[in-house]
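Okay, structure first, notes after.
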Amino acid sequence: MRLAYYPGCVSLSTGKEMDRSTRAVFSALRIELEELEDWNCCGATHVSNEMVATGLAARNMSQTELDIVTSCSICYSNLRAAAMKLEDVEARAKVNAVLEKEYKGAKIRHALDVILEALEENEDGIVLPLKGLKVAAYYGCLLSRPPGVYSPEYPVVLEKLIGILQADAVDFRLKTFCCGGPIFMPKEEAANEAAYRILRNAKKAGAEVIITVCPLCQFMLDTKQRSLEQRFGEQIGIPVLYVTQLVGIALGLGPDELGMEMNAISPMPMIERIYEKMAEE
Amino acid sequence: MVKDEGFKIEVLRLAGDEVRTCIQCGTCSASCPTAHLMNPSIRRLVKLCLEGRKEEALHNETLWLCTSCLLCTVRCPRGIRPKMVVSALKELADREKIDSPGRSYDHLFIKQIADYGRISELPLIGEFLLLYPQGSIQSMKVGLELLPRGKITLEREHIRGRDEVRRIMEELGR
């Protein structure tokens, strides 16, 4: 299988481990990724004009005829929303009038969806089952919104994936509660409060690791975790991995191939426990 | 009586004419993760738009507390997109250069896309902190986490299709 890959801006800095682990996992699953030609920012949550946001996404989508895959839920949501908007004939004509290449329709997929499909077809790839690992599946908002693919209220796709990896999904009440990421610069306190609630809930649920599908969720829960511990006076100490990093471990990829040294809360003690368990069996 | 009909019409043009059908049920406010910090609430904000109360609708921090989670939009029983009402107001606030950290952040973000086609996080945060230095402590803490892990990139990203991107922003933004 060959897919067009949209890395998104975050892949080049604070989300480098998302990009590295995505490429490594797809390569292990023998799915070829062709990076989108000269891609631009999707506008994230900061472009308020719907037509401009649609146009920015359309420029990306017009670069390829392949299905487009991304690991970032913000990019994913924006591309999907634009593709829906562009079903409208009038909107499509307006957008095409300013694009260099004509937009003719696109299929957008989240990396999670492609990985799940590949693993369902061939579970033999899982060389290191994550038996007994307690995982909190954190969805955040934009993987499932706008609606159409996963339930926007109670998605279960990550629990399904966790099951395939033979790990255990903990009961995590705040799995779709917003992390506050989009407002962390101008409204620091509001964002901190939201992220801390999620971390505390995952800890109470007994999670050994939290998985994310969005670089902004990852930033709020991982990069900011130590400063949230200081701010709220509570030790959390839970590693937070991109879903691609967790899948990568089960596929037998090494920590360096998955960018594990870039996570703020080191997942290495957890990974060593997995390796030890494997050695015992 | 509608105070500023022109304002109301512009909000409806940007956010969708169905906003007129709002029944003020409050499902949006009840679903909003930052509702407890908002004044006016998202429900009230929709009402202010429909009444043409431009000043109150644009000069508040509610707009900048929206995290774009889309839950209001998923749940609205009338099929309205309250998040798009917030977006419309953010755009009008930007046109009027309203003084707010949230407005400035979005403005700098959009300007980077228009100038370079991609976001480079370090210059974006830097430019924002020049305007609002109170975020510096948070940013330094974050920087200390990112720097040793090689996640701060100094060079600025730019794409070849900048003219096309600028055209998208100018012509579709009208």
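The values are calculated or read from the model by the stated rules, or taken from the named source; none is laboratory data. Given the structure is predicted, the values throughout are model-derived calculations rather than measurements. Quick reminder, even Gly has a Cβ in these numbers, built from the backbone with ideal geometry, and neighbours come from all protein chains shown.
Of note:
- Residues located in region A:150-165, provided they are assigned to a loop (DSSP other than H, G, I, E, B) and of a type outside the set (A, V, I, L, M, F, W, C): A:TYR150, A:SER151, A:PRO152, A:GLU153, A:TYR154, A:PRO155
- Subset of region B:142-171 that is more than 7 Å from chain A (Cβ to nearest Cβ) and assigned to a helix (DSSP H, G or I) - its residue that is farthest from the chain's Cα centre (by Cα): B:PRO148
- The residue pairs whose first member lies in region A:205-234 and is closer than 15 Å to A:GLN245 by Cα, whose second member is among the acidic types (Asp, Glu) and in a helix (DSSP H, G or I), and whose beta carbons are closer than 9 Å, counting only pairs six or more residues apart or on different chains, are A:ILE210/A:ASP222; A:THR212/A:ASP222; A:GLN218/A:GLU17; A:ASP222/B:GLU145.
- B:SER139 fulfils the conditions (1) facing another protein chain (nearest Cβ under 7 Å); (2) under 24 Å from the mean Cα position of the chain (by Cα); (3) part of a helix (DSSP H, G or I); (4) modelled with pLDDT under 95 except for a single criterion, (1).
- Looking only at region A:214-251, and only at residues there that are hydroxyl-bearing (Ser, Thr, Tyr) and more than 11 Å from the chain's Cα centre (by Cα), the one that is surrounded by the fewest Cβ atoms within 10 Å (Cβ to Cβ): A:SER227
- Single residue of region B:74-132 satisfying the filter (outside any helix (DSSP H, G or I) and of a type in the set (Gly, Ala, Ser)) that is surrounded by the most Cβ atoms within 10 Å (Cβ to Cβ): B:GLY117
- Verdict on A:ILE108 being in contact with a Leu (Cβ under 6 Å, 6 or more places away or on another chain) and farther than 29 Å from A:TYR196 by Cα: yes
- Where a residue in region B:121-148 is among the polar types (S, T, N, Q) and its partner, wherever it lies, is assigned to a helix (DSSP H, G or I), with Cβ under 7 Å and at least six apart: B:SER136/B:LEU129; B:GLN138/A:GLU188; B:SER139/B:ILE125; B:SER139/B:LEU129
- Flag for B:SER87 being facing chain A (nearest Cβ under 7 Å), closer than 24 Å to B:ILE42 by Cα and modelled with pLDDT of 95 or more: yes
- Selection within region A:166-183 - within 8 Å of another protein chain (Cβ to nearest Cβ), farther than 15 Å from A:LEU143 by Cβ and not in a helix (DSSP H, G or I): A:GLY180
- Remark: A:ILE198 matches the filter, which requires a residue to be of a type in the set (Val, Ile, Thr), outside any loop (DSSP other than H, G, I, E, B) and modelled with pLDDT of 95 or more.
- For B:LEU63: the one exception among (1) of a type outside the set (Val, Ile, Thr); (2) in contact with a Gly (Cβ under 7 Å, 6 or more places away or on another chain); (3) more than 18 Å from B:ARG156 (Cα to Cα); (4) not assigned by TED's automatic domain parsing to the domain that holds B:CYS49: (4)
- Wholly enclosed helices (runs of 4 or more DSSP H) of region A:204-281 bearing at least 2 residues of a type in the set (Val, Ile, Thr): A:243-250, A:268-280
- Residue satisfying all of: in region A:118-149; part of a loop (DSSP other than H, G, I, E, B) and of a type in the set (Gly, Ala, Ser); farthest from the chain's Cα centre (by Cα) among these: A:GLY132
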